[in-house]
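Report on the following structure.
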Amino acid sequence: MITVFGSINMDLIASVTRLPNPGETVTGDNFVTAPGGKGANQALAARRAGASVSMAGACGEDEFAVPALTYLRFDGVSLDRVKSASTATGVALIFVGSDGENVIAIVAGANGTVSADDARATVGDMKRGDTLMLQMEIPAPAIEAALKAAREKGVTSVVNIAPLTSDATRLAQMADIVIANETEFELFSGKAGLDGDAREAEMMRLNQEGKQTIIVTLGAEGVVAVRNGAIHRAKGLAIEPVDTVGAGDTFCGYLAAGLDQGLKFDVALRRAAIAGSLACLKAGAQPSIPTERDVDKYFKS
């Protein structure tokens, strides 16, 4: 069983001719809304990977509260631990230029009300051997309380250190599994400009010191991980990406699901890398997350 303790957002996405300069107004040609939030995205990915998943977090008391949970509800994610807060649902305001560049502002809203008490209650519902997934879009005290409770209860904790907040490095050191992209890993390790060999050496050092599984996603180059003193690598698919938003969350959800389902680490890593690639073939975060059947077409070939 996987419990995701994290953010739930509505994404408000405007396509514009180009990104505006300060004080400037530009015209746009499209606007869409879609459910988002790194927590909700990862919960949906784990569920579509075939795992039993519970989502814990908060929505507001506004018009976005219901649509923000649409995909989770439809796909069968348990929402018993999603509370209603007397504020707005979290939103991400996204401008996408015609060249594919984007700027994003996140308003935490109800996500900012998630507390340490919520964390302890959430982990209290879990069993030894379950998997807890966290990201960095809810308050640090809640994340810290969840990690402490997970360690005490024998729950496996997975932390995706995105977005990389000032508390991320400290909190990640409390987790069993840490997932980062290249930039996040450099900030996490405190060493910039790492090439492949240097990165793997640093990952090995951190694994030996903290006994954590360290995973770094490398975009088109796949993923590298260090677990129990051994280096593991996996490739995704050779694709022409349409939209990379949500690819990292898809990887995280699929990896957690694979490990929770008892797959060998190399197998879970490869399956998650393929899922992340497939998520780049459609626009949007949650709409692009592939199903288990979609992934296994490529995984078994």
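Just so you know, all these numbers are worked out from the coordinates, no wet-lab data involved. Here the structure is a predicted model, which is why all the values come from computation and not from measurement. Reconstructed Cβ throughout: ideal geometry from the backbone, glycine too, with neighbour counts over all protein chains shown.
Extension gain for E209-D125 works out to 27.2 nm (0.36 nm per residue, less the C-alpha to C-alpha distance).
Principal axis extents of the Cα atoms in the stretch 190-283, from largest to smallest and rounded to whole angstrom, are 39, 34, 19.
All C-alpha pair distances within the chain, sorted into 10 Å bins from zero, spread as 7, 29, 36, 23, 5, 0 percent across the bins. Over the stretch 192-234, the hull volume per residue, using the convex hull of the C-alpha atoms, is 65 Å³.
At most 15 other Cβ atoms within 10 Å plus a DSSP loop assignment makes a site exposed; report the longest stretch of the chain without any exposed GluC sites (Glu not before Pro).
Segment 102-301 is the longest.
The mean sequence distance of close C-alpha pairs (under 8 Å, at least 6 residues apart), as a share of the length of the stretch 32-144, puts its relative contact order at 24 percent. Its relative contact order, with pairs defined as Cα atoms under 8 Å and 6+ residues apart, puts the chain at 17 percent.
Expected output is a single nm value to one decimal: the length gained when fully extending between D296 and L19, i.e. 0.36 nm times separation in residues minus the C-alpha distance. What is it? Working shown, then result.
Details: separation 277, 0.36 × 277 = 99.72 nm, distance 3.86 nm.
Gain in length upon complete extension: 95.9 nm.
Over the residues of the chain, the helix contribution to mean residue ellipticity at 222 nm works out to -10500 deg cm²/dmol, using -39500 (n - 2.57) for each DSSP H run of at least 4.
GNM remark for the chain: springs join alpha carbons under 10 Å apart, and the peak mean-square fluctuation among G253, G28, G124 falls on G28. Estimated from the Cβ-Cβ distance and a Förster radius of 41 angstrom, the FRET efficiency linking N30 and S115 is about 0.65. Pairwise Cα separations in the stretch 130-259 fall into 5 Å bins from 0 onward with the following percentages, short to long: 2, 10, 21, 24, 22, 13, 6, 2, 0.
Please give the Cα centre distance for the stretch 1-74 versus the stretch 214-249, rounded to the nearest Å. Going from one Cα centre to the other spans 22 Å.
Taking 0.36 nm per residue of sequence separation and removing the Cα-Cα distance, the I231/D80 pair yields an extension gain of 50.5 nm.
Within the stretch 74-193, DSSP assigns beta bridges of which about 45% are antiparallel (rounded to the nearest 5). Converting phi to 3J(HN,Hα) with the Karplus coefficients 6.51, -1.76 and 1.60 and the offset θ = phi - 60°, the stretch 16-33 yields 10, 4, 7, 5, x, 7, x, x, 9, 10, 10, 9, x, 10, 7, 9, 9, 10 Hz in sequence order, with x at every glycine or proline. Rg over Rh for the stretch 153-214 works out to 0.96, both radii taken from alpha-carbon positions and Rh defined as the Kirkwood radius.
Of all alpha-carbon pairs in the stretch 49-130, indicate the percentage at a distance above 17 angstrom. Walk me through the numbers on the way to the answer.
On the way: 1925 of 3321 pairs.
That fraction is 58 percent.
Per residue, the average separation of C-alpha pairs within less than 8 Å and at least 6 apart gives the stretch 179-261 a relative contact order of 22 percent.
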